[in-house]
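The values are calculated or read from the model by the stated rules, or taken from the named source; none is laboratory data. Since this is a predicted model, take the numbers as computed values, not measurements. Virtual Cβ from ideal backbone geometry, glycine too; neighbours counted across all protein chains shown. Keep in mind that these areas ignore ligands, DNA and RNA; they rest on the heavy atoms of the full protein, side chains included. Shrake-Rupley method; radii C 1.70, N 1.55, O 1.52, S 1.80 Å.
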Amino acid sequence: MNDTLDALYPFLAGGAKDPQAEQEALCESVRRKATHSVEVKQDFFARNTEALIACARDLAARYREGGRLFTMGNGGSSCDAAHLAVEFQHPVTTGRPALPAMNLVMDAAMCSAVANDVGVEHVFVRQLEAHARAGDALAGFSTSGNSANLMRAFARARELGLLTIGFAGGDGGEMRASGLLDHCLVVETDSIHRVQEVHVACYHILWDLTHTLLADSRGHAGGKTS
């Protein structure tokens, strides 16, 4: 590891940069990161396969009864919230129906108004109070599991009768410890990048499982054997 660092940052040791050594060090850095990414994914899914299936069953049940999905997150996690909502609204697999999903970060005017007037910890709560109803679901993303505005929203969601789903990293933080979540899927690593990479794979699989379960229900209801 020291040789790799010396090649990337020779000025720290008072040396000149060797282009070939730099290229080799960069290649090694890519290999290490790719290997770590695969290892973290394998560990997560080995630990959480049944939990992910249980989450999909509960989400499918909400959709089956006419419920909707709300998503939320901050910073990079807000991009995951947006991505998950788009997956359900605009399914890329032929034959799968669009399902109602609303990204609570999408309205910049609403988020900035609430953050300015009463505080950023209320930006998701206010929208849930306006739009959510019993039977809906709320999914939130936080790499630390400690985002205060998510925790307030999860608490209000439970009061409103929503299914609560969390995607977290590290030790799960408040999302895991609070008892407010019906499902808390935790990527147990301190690397924010690895956490976010696993979250993407996780909600893609959640989307696929949910549609599969809903398709099975429709086929059964119609007397089909699909």
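Structural remarks
- Residue count for the stretch 16-73 satisfying the condition of being in a loop (DSSP other than H, G, I, E, B) and open to solvent by less than 60 Å² (accessible area, probe 1.4 Å): 3.
- Strands (runs of 3 or more DSSP E) lying entirely in the stretch 135-195 (those with 1 or more residues that are open to solvent by 10 Å² or more (accessible area, probe 1.4 Å) and out of contact with any Cys (no Cβ under 6 Å at 6 or more places or on another chain)): 183-187
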